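Before any comments, here is the structure.
The values are calculated or read from the model by the stated rules, or taken from the named source; none is laboratory data. None of these values were measured; they are calculated from a predicted model. Backbone-built Cβ (ideal geometry, glycine too); neighbour counts: all protein chains shown. Keep in mind that these areas ignore ligands, DNA and RNA; they rest on the heavy atoms of the full protein, side chains included. Shrake-Rupley method; radii C 1.70, N 1.55, O 1.52, S 1.80 Å.
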Amino acid sequence: MNTPLQATLPTPDFPSPLAEFWRGFARNRGASAALAFMLLLALAALFAPWIAPYSPIEQYRDALLTPPAWAEGGSWRFILGSDELGRDILSRLLHGARISLWIGVVSVLCSMIPGVVLGLLAAFYPTRLGILIMRLMDIMMALPSLLLAVAIVAVLGPGLGNTMIALAIVSLPSYVRLTRASAMTELTRDYVVASRLAGAGTLRLMFNTVLPNCMAPIIVQATLGFSSAILDAAALGFLGLGAQPPLPEWGTMLAAARDYLESAWWVVTMPGLTIVLTVLALNLMGDGLRDALDPRLKQND
Amino acid sequence: MPTTHTLDIANAGGSSMLLDIKNLDVTFGAGDNPFRAVAGVDLQVAPGEIVGIVGESGSGKSVTMLAAMGLIDAPGRVTADRLSFAGRDLLTMKPREKRAIVGAEISMIFQDAQTSLNPAYAVGDQLLETLAEHQNLKGAAARARVLELLEQVEIPDAKSRLSAYPHQLSGGMSQRVMIAMAIACNPKLLIADEPTTALDVTVQAQIMELLVNLQRQNNMGLILITHDLAVVAEVAQRVVVMYAGEVVEQSPVPDIFNTPRHPYTQALLCSIPEHSKGAERLATLSGVVPGRYDRPKGCLLSPRCPYVQPVCHNEHPLLEATHRGSARCFFALDDAGRPSHG
Amino acid sequence: MIQFLLKRLGVVIPTFLGITVLAFALIHVIPGDPVLVMLGERNIDPTYYREAMHRLGLDLPLWQQYLHYLGNLLQGDLGTSIKTNIPVLQEFLALFPATLELSLAAMGFALVFGLAAGIVAAVKRGTVVDHTVMGAALTGYSMPIFWWGLILIMVVSVHLGLTPVSGRIDIEYDIAPITGLMLIDTLISGEPGAFVSALEHLILPAIVLGTIPLAVIARMTRSAMLEVLREDYIRTARAKGLSRSRVILKHALRNALMPVVTVIGLQVGTMLAGAVLTETIFSWPGIGKWLIDAIGARDYPVVQGGILLIASMIILVNLLVDLLYGVINPRIRHAR
């Protein structure tokens, strides 16, 4: 199968793989809507300092716990209301998007790249190195990702940076296993044998021949990994182990909101809703990508 | 096998028939381009009769029978002028009443017996289920009956097979179990959908012989769906030939082999080595059965027919009476196998 | 079957040893002096320091320390909590029933509704029902459960006043921990009010913890059912004249359950991770909250022992699930 990474020149009869992929993806309405949402969120995150009405940490002592604009007692001064310290929730959420997306991007990249390399190594040297790598991954998989992340943060200490390290480490095994499995399949194919006979070196074989054909599931996994990174980062923040106040990380915001369940629903609702929408969008995109990239993985629907 | 049972189709009333199907349509897909998998099929089976239904894959022979059994699912639609079994109307019958008939009075066996048995349950349990469902037979009596059935289908060491799982049985054994399940309630009609296709050649003959023996013992009606005319020639009394969802010819057995009336039947016969002997050898038909998107306007065989005439491309022939059967051809073949337009 | 078991053990034992190495390393990776870390103290008398170092075996070479640690583990010695001075294993065993009860209730909830939702969606494939169920499942799957818990508390407990906010039972009841499972203990105690109270306390946390497994089970059940419903033996079952519900529940579900059981096994890990969050929100006195509290208090022996015990449990449960898989799948049970 061709991957969208090798965009070829379009010919009248055969659309380029990229175009073909896009057609498959765009037909999926849920995934398209999710992509639009994520693009919007990314733009909002990028331009947060300019579009947010207030600074995320500025406290308006005269307007503690103001309800959102449409609720009783709310005002357009704070569209989504203000929190217990009089900070504008919308501004905090917009700045929080920067943190969450940043965590997602960094931790995905930091686990995908070493994960893919380890996976390729495990596939190319299956006897000793491969077994060693896979056993290590088994050990890491024995603990659920959030618990392992909690353990790592417990060792390294709480904070944004350590959160990213922890999340990168915990999602490593999924990339290793996935890459190894698809690389093993590709290695038995004739084109790899041909390439080897033509004298391609191991490195060239790994990254130029085999890897491009393993990319589809890896890309899907990266999308799903992005969503679980955001979810786990928020969970760590909520437990007080992730980003520390006053950083407007979504999970950290929720941790502080726990005391206002009875009095100020919006303080609890808004950050959570943002997390749900973002994670849902990423999961929808992941499903859409999987269906469009690899029909073999297509779920029945 | 010489036929002792002659049947006059034209005079046969609906009530005396075991299975009586008139103008059956089965349609899949909705909107602008529904696909008629079965179109206007008439079929009658008398009690104790063996009817062969012959045709290539995709000719609608299995779908016709599944429709009679009520096994066509929601996107597919079944319509008919008449669909009755032993004088009872299957079309207007409540689902519950129909389920009491299906599996008991009409039963069916399928091509791939191994995948047709549920892998999660022991063979004995799957047989017991049928007895419990239709005859309310349980406990020791049911187990005794199951053993009896397994012995009837000539399964060696039947007792030890009761607790076997399908994956532990060979294809032939599985088909015997399927047959045992089908005859468990002494059905009046057994539909066998390519019962031997998936089996080894030696086993095929054994299974065929078993089916015919059981048919004779129980005096069941037997519908034998197959693409193998040689099998039909040996056992069936009457043959229905289907092509692209339509009946193109039906006739008693010696006639259909000696004097086929439809070019398609003739072509099928020529694919059997023994039958083409002596006769002038006809080239096998080129092309394939038309599908959803390439249905011809006129006679469905027209793109492949060696005797095709202009009218065949434009008009759709009806099923018309021949000497002792009927054929769907403007130029039905004569006794010498030549088309009637000369 | 025996062979199958041995093969699984061949993977499980090295994994378990790996986990012990990981837990052992934990104490040594933490920044700071391991002795001070283990004692949880800052400034101590040098004589006492040396004595403690020797007592904890920290003066030995690293590999000897590990063997020592492993030996202690095998004797059930997982160290002592700095905060309470109670052996870690003892604390764990005292708190574990609470987590077990919560997890069982959550898994029961997830199984009943997840299977039902998956079956309905598969049977009504392509309809509004299917899309609604699957949309809800994906949303549940995307749910940050700590937020979901807060929302449920806000709506059900605070606004509707239907369930208590936190804990396992009202303080007015004093129930002797016989099994440790509050529902059973309250039944034994013979106080109907206590049982109702325990049940009321359990409902919300169980729903919260069960939500993600529910979503996963529903999705898996649907796709497995769709696959199975296409099989030949389903046609056979229908040709037997069986009712639709019997075909689906007996013939299809039994085969669709095989992949679902594997997924349930994987969900046990997710559940224990979720328990950390759920117990924190509902102040549920189980091992999840215990672990988080220990991290907050820098009670490292508890963190080390807790993580080791939780990982061991997950390994054990997955082993059990593999065996269960063998029981329901005759192809494995009767493997030649």
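For the reader, a short list of remarks on this structure follows.
- Among the candidates A:L167, A:L160, A:L147, residue that is under 20 Å from the mean Cα position of the chain (by Cα), open to solvent by 40 Å² or more (accessible area, probe 1.4 Å) and within 17 Å of A:F238 (Cβ to Cβ): A:L160
- Residue in the range A:250-270 that is most open to solvent (accessible area, probe 1.4 Å), counting only those that are part of a loop (DSSP other than H, G, I, E, B) and more than 7 Å from chain C (Cβ to nearest Cβ): A:S263
- Residue count for the range C:159-171 satisfying the condition of being loosely packed, with under 14 Cβ neighbours inside 10 Å and hydrophobic (A, V, I, L, M, F, W, C): 3.
- For A:V117, the conditions (1) open to solvent by 70 Å² or more (accessible area, probe 1.4 Å); (2) assigned to a helix (DSSP H, G or I); (3) modelled with pLDDT of 85 or more are fulfilled apart from (1).
- Of all residues making up the range B:112-135, the number that are open to solvent by 30 Å² or more (accessible area, probe 1.4 Å) and closer than 29 Å to B:D20 by Cα: 5
- Meets criteria (of a type outside the set (S, T, N, Q) and under 13 Å from the mean Cα position of the chain (by Cα)) for C:I281: no
- Tally, over the range C:178-227, of residues that are within 14 Å of chain A (Cβ to nearest Cβ), open to solvent by less than 30 Å² (accessible area, probe 1.4 Å) and among the charged types (D, E, K, R): 1
- Test: A:A166 is within 14 Å of chain C (Cβ to nearest Cβ) and in contact (Cβ under 8 Å) with a residue 24 or more places away in the chain: yes
- For the range C:133-144, a residue qualifies if it is facing chain A (nearest Cβ under 8 Å) and open to solvent by 10 Å² or more (accessible area, probe 1.4 Å), and the qualifying residues are C:M134, C:L138, C:T139, C:Y141, C:M143.
- Test: residue in the range B:101-111 that is assigned to a helix (DSSP H, G or I), open to solvent by less than 80 Å² (accessible area, probe 1.4 Å), out of contact with any Pro (no Cβ under 7 Å at 6 or more places or on another chain) and within 11 Å of chain C (Cβ to nearest Cβ): yes
Table: residues versus (1) open to solvent by 40 Å² or more (accessible area, probe 1.4 Å); (2) part of a helix (DSSP H, G or I); (3) in contact (Cβ under 8 Å) with a residue 12 or more places away in the chain; (4) away from chain A (no Cβ under 14 Å).
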site	(1), (2), (3), (4)
C:R8	yes, yes, yes, no
C:L26	no, yes, yes, no
C:V35	no, yes, yes, yes
C:L73	no, yes, yes, yes
C:L78	no, no, yes, yes
C:T99	no, yes, yes, no
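- Taking the listed residues A:L197, A:L203, A:L136, the one that is within 14 Å of chain C (Cβ to nearest Cβ), open to solvent by 70 Å² or more (accessible area, probe 1.4 Å) and of a type outside the set (F, W, Y) is A:L136, with no other qualifying.
- Test: residue in the range A:76-89 that is of a type outside the set (D, E, K, R), under 24 Å from the mean Cα position of the chain (by Cα), in a helix (DSSP H, G or I) and surrounded by 15 or more Cβ atoms within 10 Å (Cβ to Cβ): yes
- Single residue of the range C:295-328 satisfying the filter (surrounded by 18 or more Cβ atoms within 10 Å (Cβ to Cβ) and within 14 Å of chain B (Cβ to nearest Cβ)) that is nearest to A:A149 (Cα to Cα): C:Y325
- From the list C:T211, C:T179, the lone residue that is polar (S, T, N, Q) and more than 19 Å from C:A94 (Cα to Cα) is C:T211.
- In the range B:121-154, the residues that are under 16 Å from C:K240 (Cβ atoms), of a type in the set (A, V, I, L, M, F, W, C) and free of Cβ contacts under 8 Å to residues at least 12 places away in the same chain: B:A132, B:L137
- Residue check, C:I264 part of a helix (DSSP H, G or I), under 14 Å from the mean Cα position of the chain (by Cα) and crowded, with 20+ Cβ neighbours inside 10 Å: yes
- Any pair with Cβ under 6 angstrom, 6 or more apart, that starts in the range B:213-239 at a residue that is within 26 Å of B:T265 (Cβ to Cβ) and ends at one that is aromatic (F, W, Y) and open to solvent by 10 Å² or more (accessible area, probe 1.4 Å): B:A233/B:F257
- Pairs, first facing chain A (nearest Cβ under 9 Å) and touching a residue at least 40 places away in the same chain (Cβ under 8 Å) in the range C:146-159, second open to solvent by 30 Å² or more (accessible area, probe 1.4 Å) and basic (K, R), C-beta under 7 Å, six or more apart: C:L150/A:R258
- If the condition is being of a type in the set (G, A, S) and in contact (Cβ under 8 Å) with a residue 40 or more places away in the chain, then the range B:155-171 contributes B:S163, B:A164, B:G171.
- Restricting A:L289, A:L247, A:L236, A:L273 to those that are more than 8 Å from chain C (Cβ to nearest Cβ), assigned to a helix (DSSP H, G or I) and surrounded by fewer than 20 Cβ atoms within 10 Å (Cβ to Cβ) reduces the list to A:L273.
- Residues of the range C:104-132 that turn out to be closer than 16 Å to C:F282 by Cβ and open to solvent by less than 20 Å² (accessible area, probe 1.4 Å), as a count: 1
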